[in-house]
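Trainee: Here's a structure for you.
The values are calculated or read from the model by the stated rules, or taken from the named source; none is laboratory data. Every value quoted in this text rests on a predicted model; they were computed, and no experiment measured them. Cβ placement follows ideal geometry from the backbone for every residue including glycine, while neighbour counts extend to all protein chains displayed. Just the protein is used for accessible areas: all its heavy atoms, side chains included, with ligands, DNA and RNA removed. Shrake-Rupley method; radii C 1.70, N 1.55, O 1.52, S 1.80 Å.
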Amino acid sequence: MRAVVAINGEAEVRQVPEPVVEPNRILVRTICSAISPGTEIAMKERAGASPVSLGYSAVGTVLQTGEGVTHVRPGDRVACYGAPYVKHAELLAVPKALAIPLPDSLSAEEAAFVGLGAIAIHGLRQAGLQFGSKVAVVGLGILGQLTCQIAEAAGYRVYALDLLEERCSMLRRSGLQTVFASYEELEASLRVDYLVEGADAVVLCAGGGGAELLNRSLGWLRDRGRIVIVGDMHAELSRELMFAKEAELRIARAGGPGRYDTAYEQDGVDYPVGFVRWTEGRNMYEYIRMLGERKIDVMPLISKKLPVDRAGEAYEWYLRAPKETLGVLLTY
């Protein structure tokens, strides 16, 4: 079967062995898969002579179910998340906790971003927000756009920042108006509140070097606020600034509890809901629910759809035209 791999800094489509169905796994024929630019471009650029699989979020049709799978059956469409099981490939063997059935009302294209949706939801949960809380979201790529839409739907007061005006304009078209293309505008807006000056949390969806942005965002927090790192950035913080606010720093690990846990993902052992309310699988369900109820709208964020054989071109779009490129899908 065809699959996308990174090798020597480039993305290529290669023939790889088909996966085998095991207990607690689902064999899926991929319809489309979504590129996560921050993670995948970094993986591609770091890749050496040994091929590295790319991708972690997709939608497909169930072909076969292994022993222990009861929530889906052959013919169902499912949204899938989580490397190394989910990738840009024609066939996927997905753990049952990471395959969510789709209602007929949803398109495969919008559901294909389920991995990024779960990551956005978990990042907001790590912020510890309540109804009416103020959250600043920095970085309005596809992950930041989803984070803002989900936060707005949850009843938080959202303040968004990206230095590219084109991305700010796209978010404004979704209905959110507190969107800024400069640090100064964001800072001034956060101060205009006689009850609480500053944000309850800052969620960082940007990538790259983090020292300047992290330390600047400490100034946007209220006393004892929280910073959550969702994007791929280095954490270099000023102790003096942290001390002044007694601020808290958290890192959101992918889609939620269960990620990278062999018992949960491979063996199909779920966490009791009374002890772990929101696993990565339950966060995936929430993303699909919000799409189905039209609380969020992903379709305007899809910039391009390309056949999998043109995967190398898909990654180049992010580098050549970052202002116009948010969500890119590979089709099969």
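Trainee: Which ones in the range 101-115 are acidic (Asp, Glu) and in a helix (DSSP H, G or I)?
Mentor: Glu109, Glu110
Trainee: Of the residues Leu171, Leu195, Leu176, Leu190, which single one is over 14 Å from Leu249 (Cα atoms) and loosely packed, with under 13 Cβ neighbours inside 10 Å?
Mentor: The conditions single out Leu195.
A quick yes/no check of all residues on (1) touching a Lys or Arg at 6+ places or on another chain (Cβ under 8 Å); (2) not in a loop (DSSP other than H, G, I, E, B):
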residue: Ala97; (1), (2): no, yes
residue: Gly117; (1), (2): no, yes
residue: Leu124; (1), (2): no, yes
residue: Val135; (1), (2): yes, yes
residue: Leu146; (1), (2): no, yes
residue: Gln177; (1), (2): no, no
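Trainee: Just for helices (runs of 4 or more DSSP H) wholly inside the range 217-330: which have at least 3 residues that are open to solvent by less than 30 Å² (accessible area, probe 1.4 Å)?
Mentor: 280-292, 311-320
Trainee: In the range 37-62, what residues are under 15 Å from Leu329 (Cα atoms) and either at pLDDT 95 or above or in a strand (DSSP E or B) (or both)?
Mentor: Leu54, Gly55, Tyr56, Ser57, Ala58, Val59, Gly60
Trainee: Can you tell which of Val308, Val276, Val230, Val298 is assigned by the TED database to the domain that holds Ala136 and either out of contact with any helix residue (DSSP H, G or I) (no Cβ under 6 Å at 6 or more places or on another chain) or in contact (Cβ under 8 Å) with a residue 60 or more places away in the chain (or both)?
Mentor: Val230
Trainee: Within the set of pairs 6 or more residues apart or between chains, which connect a residue that is on the phi > 0 side of the Ramachandran plot inside the range 64-76 to a residue that is surrounded by 17 or more Cβ atoms within 10 Å (Cβ to Cβ) and assigned to a loop (DSSP other than H, G, I, E, B) with Cβ atoms less than 8 Å apart?
Mentor: Hits for this filter: Gly68/Asn24; Gly68/Gly268.
Trainee: Of Ala108, Ala58, which residue is in contact with a Leu (Cβ under 8 Å, 6 or more places away or on another chain) and crowded, with 24+ Cβ neighbours inside 10 Å?
Mentor: Criteria check complete, one pass: Ala58.
Trainee: Name the pairs: first residue in the range 3-17 and without any contact (Cβ under 8 Å) to a residue 24 or more places away in the chain, second residue of a type outside the set (Gly, Ala, Ser) and open to solvent by less than 40 Å² (accessible area, probe 1.4 Å), Cβ to Cβ under 9 Å, at least 6 apart or on different chains?
Mentor: Gln15/Met1; Pro17/Met1
Trainee: Regarding Leu171, is this residue assigned to a loop (DSSP other than H, G, I, E, B), touching a Cys at 6+ places or on another chain (Cβ under 7 Å) and modelled with pLDDT of 95 or more?
Mentor: no
Trainee: In addition: May I ask you to say which residue of Arg14, Arg29, Arg73 is open to solvent by 20 Å² or more (accessible area, probe 1.4 Å), of a type outside the set (A, V, I, L, M) and in a loop (DSSP other than H, G, I, E, B)?
Mentor: Arg73
Trainee: I've got another one for you. Checking Arg282 against (1) in contact with a helix residue (DSSP H, G or I) (Cβ under 7 Å, 6 or more places away or on another chain); (2) over 15 Å from Ser107 (Cβ atoms), only one condition comes out false. Which one?
Mentor: Condition not satisfied by Arg282: (1).
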